[in-house]
Structures are given as C-alpha cells and as structure tokens.
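In what follows, a single structure is set out as structure tokens and then discussed.
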Amino acid sequence: MMMASAAPAPEEPILLRQDTNGIARLTLNRPQQRNALSVALMAALIDELAAIAADPSVKVVVLAANGTAFCAGHDLKEMRAHPGRPFYETLFRQCSALMQAIVRLPQPVIARVHGIATAAGCQLVASCDLAVAADSTRFATPGVNIGLFCSTPMVALSRNVNRKQAMEMLLLGEMIDAARAMDFGLINRAVPEAQLDPATEAMARAIAAKSPLTLKIGKEAFYRQVELDLDQAYDYASRVMTENMLARDAEEGIDAFLQKRAPVWQGR
C-alpha cells in the first residue's frame, strides 16, 4: 500500500509585521539570502508602508531583520537571472520608490540593525529616520568592488554623512564598524548586541508617546526644509510652526505643560 506523501510546508512570508502599543515592527524574513532586497521583498515593503501610512493606530515603525544579517543589498542572483535594460530600470525605480516611501511615511521609522548592512541595505539604514545598531554590525557600499558603483545607495548616504565620508565609503567599498558609522552620522546609537532590542524598543516607545500629528508635521517639515536655501527654509518653517500652533494637540501640549500634567493627544 502506497502512503500519501506529506504536503509541502508552507513558505514563510518574506516580510513579517507585528503591532504592539502603537509600534509596528516590520521584519525582513529572507535569512538564507541575508535579506537581500528582491523584487518581491521590496514590493511587500512598499505595500506594508502604504497600509501603515493610512493606519492612525501606528505611531512609529521599527524595521528589523531575521537571520545573521540586516540586509546585504540587492539580490544579485535575481539581477543576473534577468539581464537587460527593462528589468534593471524597473528594479531601480522600485528601489527608489521604497526609499522615498520610508522618507515620506508620516510615522518615524527606526532601523534596528545587526550583522551587516551593505549596498542597498546600507541605503535602507540611511533612508530610515533613526538607526540603532549592534556594536558588532558592519556597513559598506561595496559596489565599486564588483564593477557596479552604488549610485542609488549614494543618494541616501550623501544625505546622512558628509561628502568626504560618503566618498570614502563609495570609492573604497570597505566595511566600517558601528562605532565609525556612528561617527559618520549613519546611525544614532551603537549598543551591545544583547541590548539591541531594549534600546530600539525604548526609542520607539518614547516616540510613540508623542502627538502623532506633531510627529507627522515635524518629519515632513524636516525633509522639506533641509533641501531649501536658508531664507526659504526659515520662511517655510515659520509657516509650518504657525499651522502647528493652531492644532488642537499644540494647545493641549502647552496647556498640559503649564498645568504640570500629562497631555492627552487627539491627533488633530
């Protein structure tokens, strides 16, 4: 008598989401590929970020990863399996859309980084608003070593570190450690690996306690003003502060401060 073969185990999702107390944790879940940014993974991230943008219950996002690496960059095997201009143009447009979706997300995004973050993985870290890394983490934009300059990672990198440091990473393609990445301004904090989750969680909880409207206003204003001339930046920021001052949460926050009580945010 022949026995029926067991059904194949369902594949794990390539992106996981867990929401707790206003914090949405997105976890890259391609550990065998060191969480390389495949077309499917980038599409999943873009879709989930769009859902989060429309979800008022989410105050802050933590971007994490399973396995031994945060993200090793683009999926080179996938790229070589689809040679030709149409695929490459679509791929890099998709990657650019993902990075801009992070910047334009109303909620702040914290990268929780471990292992390595290289090429587009380093770009992912640079695109997040904040980054906490294990002190054993290494970072690089190593495309120059394989004949593919990290031109799209360069956009995010050059907006987070100064020119000489960005060019050093881009031209040498060498790994830098977490301490140096913090000196460069690529990450905010480097902590012992055992403290990575508590440190990231503490930062996320502190942000989640703020007015969601204020966070949205401030994040958008930061990225807009930084590209303006000084006088234009002040004109724009003054208009933003005026509108912010008219918001209910600003009134509540100021009244709570004066009355020495905790504010009750309404998100308006």
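In table form, for the structure just shown:
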{"item": "Peptides 52-63, 140-151 ordered by average Cβ neighbours within 10 Å, highest first", "result": "52-63, 140-151"}
{"item": "Euclidean distance of C-alpha centroids, region 58-112 and region 117-176, integer Å", "result": "14"}
{"item": "Per residue, in Å², the accessible surface of region 49-176 once ligands and nucleic acids are set aside, probe 1.4 Å", "result": "43"}
{"item": "Table column - 3J(HN,Hα) (Hz), region 102-110, Karplus curve with 6.51, -1.76, 1.60, x for Gly and Pro", "result": "5, 5, 8, 4, x, 8, x, 10, 10"}
{"item": "Charge dipole magnitude, Cβ of K and R +1, D and E -1 - region 37-182, Cα centre, debye nearest 20", "result": "280"}
{"item": "Accessible surface, 1.4 Å probe, highest first, among residues Met42, Met167, Met154", "result": "Met167, Met154, Met42"}
{"item": "Mean separation of Cα contacts under 8 Å, 6 or more apart, over the residue count of region 105-225: relative contact order %", "result": "31"}
{"item": "Hits among lysines - C-alpha to C-alpha of Lys219 under 24 Å, sequence gap 8 or more where chains match", "result": "Lys59, Lys210"}
{"item": "DSSP bridge orientation in region 1-134 - percent antiparallel, rounded to nearest 5", "result": "30"}
{"item": "Contact order relative to length of region 185-268, as percent, for alpha carbon pairs under 8 angstrom and 6 or more apart", "result": "29"}
{"item": "Antiparallel bridges, percent of DSSP beta bridges restricted to the chain (to nearest 5)", "result": "30"}
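The values are calculated or read from the model by the stated rules, or taken from the named source; none is laboratory data. Predicted, not measured: the structure shown is a model, and the values here were computed from it. Cβ: placed from backbone, ideal geometry, glycine included. Neighbour counts: every protein chain shown. These area figures cover heavy atoms from the full protein model, side chains too; ligands, DNA and RNA do not enter into them. Shrake-Rupley method; radii C 1.70, N 1.55, O 1.52, S 1.80 Å.
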